[in-house]
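Colleague: Have a look at this one.
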Amino acid sequence: MNSPPSAPIAIAPSRPAIIIAVLTVLAMASYPLRDALYLEISGPVAQSALLSAAAVFFSEILLLMLMAGACTLTVLCWFCNRVAFWRLVSGAIGAVAAYGLSELAKILVAEERPCRALDAVTAVACPEAGDWSWPSNHSVLAAGVAAACTLALPKLAKYAIPAVLLIALSRVGVGAHFVHDVFSGVALGILVVLVCVRVLPGIVQRCLAGNNR
């Protein structure tokens, strides 16, 4: 069996860092306008059967397609590109970790869902009470998976980035989240995956080297 890369994976942090910073600024800037932005996006979607169907597709099915594509890519990379394989595995761990942090943040912040706080008509049923809003788990997962794929194979960015944007904004469209929820979720997913992809392969390498002594 081939081992992980013999040297730590070098990834230029500047572009992901800029993206995370921009998303953070957008989340902060949209917070004071959260009610108005939410109603402007979710209202027309709820009133249109076509827009509702599209939002539900992007919100749920596209996320599943993204995750299935990442799993398929990981299997393929095992046979033809071990460096990309270990980045994808590290990114998958990061996506799971980001999801866990997102759940913890929900419990600590306990922000009410906008569909409940504003008593708005939405494209899908409002989540039950106690299912908090900030940050968006769908956005965290979508961004984490997409970041893992992009860090493994940068050419996939042109597909991954639009997919994440569609998934994130559709969560506002279906009425489940405020805009700042999804921007924060995307930032969190990218951040945790970036850290894991930079750190975990080196840890695995050192562990294997220690076991071979």
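Colleague: Going by the structure shown, is A147 under 25 Å from L108 (Cβ atoms) and either within 12 Å of the chain's Cα centre (by Cα) or without any contact (Cβ under 8 Å) to a residue 60 or more places away in the chain (or both)?
Modeller: yes
Colleague: Just for the range 66-94: of the residues that are in contact (Cβ under 8 Å) with a residue 60 or more places away in the chain and more than 14 Å from L151 (Cα to Cα), which one is farthest from the chain's Cα centre (by Cα)?
Modeller: G69
Colleague: Considering each of A187, A95, A105, A147 in turn, give the residue that is farther than 20 Å from M28 by Cα, in contact with a Pro (Cβ under 9 Å, 6 or more places away or on another chain) and modelled with pLDDT of 95 or more.
Modeller: Selected residue: A147, the only one of A187, A95, A105, A147 that is farther than 20 Å from M28 by Cα, in contact with a Pro (Cβ under 9 Å, 6 or more places away or on another chain) and modelled with pLDDT of 95 or more.
Colleague: If you take the residues of the range 190-213 that are among the β-branched types (V, I, T) and at pLDDT 70 or above, which of them is farthest from A129 (Cα to Cα)?
Modeller: Applying the filter and picking the extreme gives I203.
Colleague: Still on this structure, please answer the following. Which of the residues belonging to the range 138-157 are under 17 Å from H180 (Cα atoms) and polar (S, T, N, Q)?
Modeller: Once the filter is applied, which keeps residues that are under 17 Å from H180 (Cα atoms) and polar (S, T, N, Q), the range 138-157 yields only S139.
Colleague: Also, quick follow-up: Suppose we filter the range 120-131 for residues that are buried (at least 23 other Cβ atoms within 10 Å of the Cβ) and among the charged types (D, E, K, R); how many remain?
Modeller: 0
Colleague: Here's another thing I want to ask about it. Can you work out which of the residues in the range 190-199 that are buried (at least 24 other Cβ atoms within 10 Å of the Cβ) and of a type in the set (V, I, T) is farthest from A29 (Cα to Cα)?
Modeller: V197
Colleague: Where residues in the range 132-179 are among the hydroxyl-bearing types (S, T, Y) and assigned to a helix (DSSP H, G or I), which of them is surrounded by the most Cβ atoms within 10 Å (Cβ to Cβ)?
Modeller: Ranking the candidates gives S139 first.
The values are calculated or read from the model by the stated rules, or taken from the named source; none is laboratory data. This one's a predicted model, so the numbers in the text were calculated from it and none came from an experiment. Glycine gets a Cβ as well: all are built from the backbone with ideal geometry, and neighbour counts include every protein chain shown.
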